[in-house]
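Here the structure is laid out as C-alpha cells; the discussion comes afterwards.
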Amino acid sequence: MTRSTEFVPSGVISLTTDFGHKGPFIGTMKGQILSRFHDAKIVDITHECSVHWPDEAGFWISRSYRYFPTGTVHLAVVDPGVGTRRDIIGLVLEGHVFLAPDNGLLTPLVESAPGCRVFSLDAAARKRFGITTVSATFHGRDIFAPLAAEIAAGRHRPDDLGPPAVDLVPSLLEEPLVTGGRIKGVIVTVDNFGNLISNIDQSLVATFGHPRVIAAGHRIAFAKTYGAVQPGEYLALINSFGVLEIARAEQSASSGLGLERGAPVLVEDAEPSRPGP
C-alpha cells in the first residue's frame with residue numbers, strides 16, 4: 001500500500017461548507033456525526049465559502065489538510081446539485097480521506113496527486129453505512145455526515161463507498177497561465193479583512209527576480225507583511241497559505257480596488273533579467 005492510499009482513522013473530522021451560520025444546518029450536521037460517533041473531534045475549517053461555488057471550498061481544502069493529523073476525514077459540502085443525480089466521491093490521499101460532491105470541488109486535488117484513490121458512492125452504500133432517511137435538499141446532514149462518522153470511527157473503510165470513480169467533473173477554476181514573462185491568475189476569494197486571495201502559488205512568483213502585481217490598473221509592489229507599508233497603501237505578499245494576496249494596510253483592498261472573486265491578476269517582473277553579451 002502506497003503513501004497515498006494508507007488511512008488509519010484519528011477520529012478527527014473537518015467541515016468546510018457554504019452554509020454560513022444562520023439556521024440549524026451546521027449544528028444538525030454535527031449532531032448527526034456525534035450520534036454515530038460520540039468521540040468524534042469536529043473542526044470547522046470554514047462555513048463561509050462562496051455559496052454555490054465548489055471551487056473555493058476545494059481551494060481551501062487543498063491548502064488546509066496538511067495542518068491536520070493523518071487519519072482525518074475532511075467533509076466538504078458546497079453542493080448546488082443536491083438531490084440530483086450528481087455523484088458523491090471519496091478521495092484517499094496521504095493518509096487523509098476527503099468526502100465531497102462530484103462537482104469539481106476535489107478535482108484539482110486529485111489531478112495534483114497521481115496514484116491517489118477515488119471512490120464513487122454506489123447505490124448499495126446507503127445500506128452498508130446504515131443510511132435510511134434522506135431528504136432531497138440536505139445531503140450534508142443525511143448522507144455526508146453519516147459517511148464521515150462511520151469512516152472516522154473506523155467501522156467502514158473508504159473503499160466501502162463503492163467502485164473507483166472515473167471521469168470526475170472538472171473544476172471551473174483554471175490554473176494560472178505563465179506566458180510572455182507574466183503570470184495570469186484570478187482572485188479566488190476575499191477574506192474578512194478585504195484581502196484579495198489569488199490562485200497564484202508562491203512557486204510561480206519565485207521565478208521572478210523583482211515581481212510586482214498589476215490589478216485594476218494599479219502596479220503593486222511586494223512586501224513581506226502588512227506592516228511594511230503605511231496605512232492605506234496597497235501591497236502584494238505571499239500569505240500564510242502560500243499564495244499571492246493583494247492587501248491594503250489597515251483597510252480593504254477589495255473595496256479600494258473595486259475587485260471581487262473572479263477578477264484577473266497579473267504578475268510581471270519589474271526588472272527582468274537581460275541576456276548577456
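The values are calculated or read from the model by the stated rules, or taken from the named source; none is laboratory data. Fair warning: this is a prediction, and the values are worked out from it, not measured in the lab. Every residue, glycine as well, gets a Cβ built from its backbone with ideal geometry; the counts of neighbours run over all protein chains shown. With ligands, DNA and RNA removed, areas are computed over all heavy atoms of the protein, side chains included. Shrake-Rupley method; radii C 1.70, N 1.55, O 1.52, S 1.80 Å.
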message = As an exercise: evaluate LYS30 against (1) under 17 Å from ILE143 (Cβ atoms); (2) not in a helix (DSSP H, G or I) and give the number of the one condition it does not meet.
response = (2)
task = Please work out if LEU235 is in a helix (DSSP H, G or I), in contact with a strand residue (DSSP E or B) (Cβ under 8 Å, 6 or more places away or on another chain) and of a type in the set (A, V, I, L, M).
result = no
ask   = Checking SER203 against (1) within 23 Å of GLU271 (Cα to Cα); (2) assigned to a helix (DSSP H, G or I); (3) open to solvent by less than 40 Å² (accessible area, probe 1.4 Å), which test does it fail?
value = (3)
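Can you pull out every residue in region 33-58 that is assigned to a loop (DSSP other than H, G, I, E, B) and touching a helix residue (DSSP H, G or I) at 6+ places or on another chain (Cβ under 7 Å)?
Of region 33-58, the ones assigned to a loop (DSSP other than H, G, I, E, B) are 37-40, 47-53.
Residues satisfying the conditions are PHE37, ALA40, HIS47, CYS49, SER50.
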message = With free of Cβ contacts under 8 Å to residues at least 40 places away in the same chain, of a type in the set (D, E, K, R) and either touching a Cys at 6+ places or on another chain (Cβ under 8 Å) or closer than 20 Å to ILE151 by Cβ (or both) as the only criterion, which of LYS22, LYS41 stands out?
response = LYS41
message = Looking for something of a type in the set (Gly, Ala, Ser), in contact with an Asp or Glu (Cβ under 8 Å, 6 or more places away or on another chain) and surrounded by fewer than 17 Cβ atoms within 10 Å (Cβ to Cβ) - is there at least one such residue anywhere in region 253-275?
response = no
key: Among the residues listed as VAL188, VAL213, the single one being under 17 Å from the mean Cα position of the chain (by Cα), open to solvent by less than 10 Å² (accessible area, probe 1.4 Å) and either touching a residue at least 40 places away in the same chain (Cβ under 8 Å) or under 15 Å from ALA253 (Cα atoms) (or both)   = VAL188
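Residue by residue, here is whether (1) within 16 Å of VAL97 (Cβ to Cβ); (2) at pLDDT below 95 holds:
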site	(1), (2)
ILE151	yes, no
GLY154	yes, no
LEU161	yes, no
GLU174	no, yes
GLY181	no, yes
VAL188	no, no
SER198	no, no
THR207	no, yes
key: Leading residue by the ranking (nearest to ALA57 (Cα to Cα)) among those in region 104-129 that are in contact (Cβ under 8 Å) with a residue 60 or more places away in the chain and surrounded by fewer than 19 Cβ atoms within 10 Å (Cβ to Cβ)   = ALA113
